[in-house]
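Structure first, commentary second.
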Amino acid sequence: MPLVHMADMLKHAYRHSYAVGAFGVVNLDFVQGVLQAAEDCRAPVILNLIESHFSYYDLELLMPAVTVAAQRAKVPVAICLDHGANIESAVRGIRTGCNGVMVDTSLLPLDENLRLTREVTDMAHACGVAVEGELGYVPGDEDEEGIKIPGGLVYTLASEAKAFVERTGVDFLAVSIGTVHGRMSGTPKLDYARLAKINEAVGIPLAIHGGTGLSDDQCKKLIANGVAKINYYTALSEAAANSIKANVSPGQKSYKAITHGVRGAIRAEVERCIRLWGSSGRAAEVLAQCRPWREVEHIVLYNQPASLSEEAAATMVIRSKETLAAIPGVRRVQAGTAVNGENRRRCWLVRLATPEVAASFSNHPEQLKFANSLSQQGGADRAAMDFELGE
Ligand code: 13P
């Protein structure tokens, strides 16, 4: 249940002048460390799945655990795809369980950035999913030293920000005002005057990328100027690595012994951030004011007519699974036959990300094609219905 709409969560933070931490997670130690810290502080929190990390872990394998952890958390949680490169990334993020997507086409010329961000916003909003776009460019790579990374910082122009937000329809805007991803040597210099102007121009929650290395004072000034989401990863990675290094000794052969402090190290650093950024103690009011995330199960029951051969039916099932699964907002498609040996009685279970998806799914051309193909068989008998499952 504590999985909530990210737009509601960040609007609350923006209205009440605090920032929610969007913490990059790469395995269960990160997921559990972040959530334990959020529960200890009674804070809303965002679990960030950063696309550049997908070569390190299997997203489809990690996401079911992330989703279960979020659902059983005692604080409001949102799950965000971070730095999705294009609409395919965004569709994949929503399919695997993200309920917010950040699209990063910020290195492209403005027109392209606008067009591609709009494309993602149209798709994601039809699925009930909030979108963060980026204007300007925050350089660097998480886990790396910012100083080594080629490619310069491009500041967000306040004069472009309003039109960008209006034309793309994004819910949150990632701004470039001096931060970099990864660890920078020295403290970054931030342009607060620029941030204030952007905030005044757009009036929506702003996001800061490259949270690692910011001083306490810098964080407070960012939040005072409209920042409602701070992305944070490199310092968590360093905390985990330092914990492992401290546990390694020549005779130590146990993986569990070497890694046992990782979760606690992440938890301590996340707790420090949460208290500093003002989200501590906000969980109850956020829960009361945010829409809970609700998935829908679309169920199809089908009595296969005698005229349809087993081979034709098998082909139809394979095709239907492929085409339905490709519809944005569809999370899983399963097909099966009755257990009593009546294999001409078939069912499909289609998990949809939200009621918004359910509303558009029934009229989607691929769904209509599928429904018609079932109905058009002589003597066919088909029923379909949407269900919202309880806890
Ligand atoms: P850091 O790794 O610098 O904390 O930045 C993380 C980030 O911005 C992810 O989008």
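The values are calculated or read from the model by the stated rules, or taken from the named source; none is laboratory data. Just so it is clear, the structure is predicted and the values come from calculations on it, not from any experiment. Positions of Cβ are backbone-derived with ideal geometry, glycine not excepted, and every protein chain shown enters the neighbour counts. Heavy atoms of the whole protein, side chains included, go into the accessibility calculation; ligands, DNA and RNA do not. Shrake-Rupley method; radii C 1.70, N 1.55, O 1.52, S 1.80 Å.
The number of residues in segment 93-115 being under 25 Å from GLY211 (Cβ atoms) and either more than 14 Å from the ligand (Cβ to nearest atom) or surrounded by fewer than 19 Cβ atoms within 10 Å (Cβ to Cβ) (or both) comes to 8.
Would it be correct to say that GLY329 is free of Cβ contacts under 8 Å to residues at least 60 places away in the same chain and farther than 16 Å from GLN377 by Cβ? Taking the combined requirement at face value, the residue does not satisfy it. Meeting the requirement of 3 or more residues that are among the charged types (D, E, K, R), the helices (runs of 4 or more DSSP H) wholly within segment 300-377 are 310-325. Restricted to segment 195-230, and to residues that are farther than 19 Å from HIS181 by Cα and not in a helix (DSSP H, G or I), which residue is farthest from the ligand (Cβ to nearest atom)? Of everything passing the filter in segment 195-230, GLY203 is farthest from the ligand (Cβ to nearest atom).
Within segment 378-391, work out how many residues are of a type in the set (A, V, I, L, M), open to solvent by 70 Å² or more (accessible area, probe 1.4 Å) and part of a strand (DSSP E or B).
Start the filter on segment 378-391 by keeping residues that are of a type in the set (A, V, I, L, M), which leaves 380, 383-385, 389.
Checking the rest, the ones that are also open to solvent by 70 Å² or more (accessible area, probe 1.4 Å) come to 385, 389.
Right, trim to part of a strand (DSSP E or B) and you get 385.
Looking only at that region, the number is 1.
Can you name every residue in segment 231-246 that is of a type outside the set (D, E, K, R) and either more than 8 Å from the ligand (Cβ to nearest atom) or out of contact with any strand residue (DSSP E or B) (no Cβ under 6 Å at 6 or more places or on another chain) (or both)?
Within segment 231-246, the first condition is being of a type outside the set (D, E, K, R), and the residues that meet it are 231-237, 239-244, 246.
Listed by number, the residues that qualify are ALA235, LEU236, ALA239, ALA240, ALA241, ASN242, SER243, ILE244, ALA246.
Considering only segment 62-77, how many residues are within 23 Å of GLU132 (Cα to Cα), surrounded by 18 or more Cβ atoms within 10 Å (Cβ to Cβ) and in contact with a Pro (Cβ under 8 Å, 6 or more places away or on another chain)? Matching residues across segment 62-77 total 4. The residues listed here are ARG267, ARG272; of these, the one that is of a type in the set (Lys, Arg), in a helix (DSSP H, G or I), free of Cβ contacts under 8 Å to residues at least 60 places away in the same chain and open to solvent by 70 Å² or more (accessible area, probe 1.4 Å) is ARG272.
Every condition in (1) more than 26 Å from the chain's Cα centre (by Cα); (2) surrounded by 13 or more Cβ atoms within 10 Å (Cβ to Cβ) holds for ALA239 except the one numbered (1).
Given VAL350, VAL296, VAL317, VAL300, which one is without any contact (Cβ under 8 Å) to a residue 40 or more places away in the chain and open to solvent by less than 50 Å² (accessible area, probe 1.4 Å)?
Exactly one residue qualifies, and that residue is VAL317.
When LYS369 is tested against (1) modelled with pLDDT under 90; (2) open to solvent by 70 Å² or more (accessible area, probe 1.4 Å), just one condition goes unmet, and that condition is (1). Open to solvent by less than 10 Å² (accessible area, probe 1.4 Å), modelled with pLDDT of 95 or more and within 14 Å of the ligand (Cβ to nearest atom): does that describe LEU59? So LEU59 fails the test.
Criterion first (open to solvent by 20 Å² or more (accessible area, probe 1.4 Å) and outside any loop (DSSP other than H, G, I, E, B)) does ALA246 satisfy it? Answer is yes for this residue.
For beta carbons closer than 6 Å, sequence separation of 6+ or different chains, a first residue in segment 1-25 that is buried (at least 22 other Cβ atoms within 10 Å of the Cβ) and a second that is acidic (Asp, Glu) and outside any helix (DSSP H, G or I), the qualifying pairs are ALA7/ASP171.
The single condition from (1) farther than 30 Å from PHE172 by Cα; (2) open to solvent by 20 Å² or more (accessible area, probe 1.4 Å) that VAL262 fails is (2). Within segment 191-209, residues that are open to solvent by 50 Å² or more (accessible area, probe 1.4 Å) sit with their Cβ atoms under 7 Å from residues that are of a type in the set (Lys, Arg), at 6+ positions apart or across chains, in these pairs: TYR192/LYS221.
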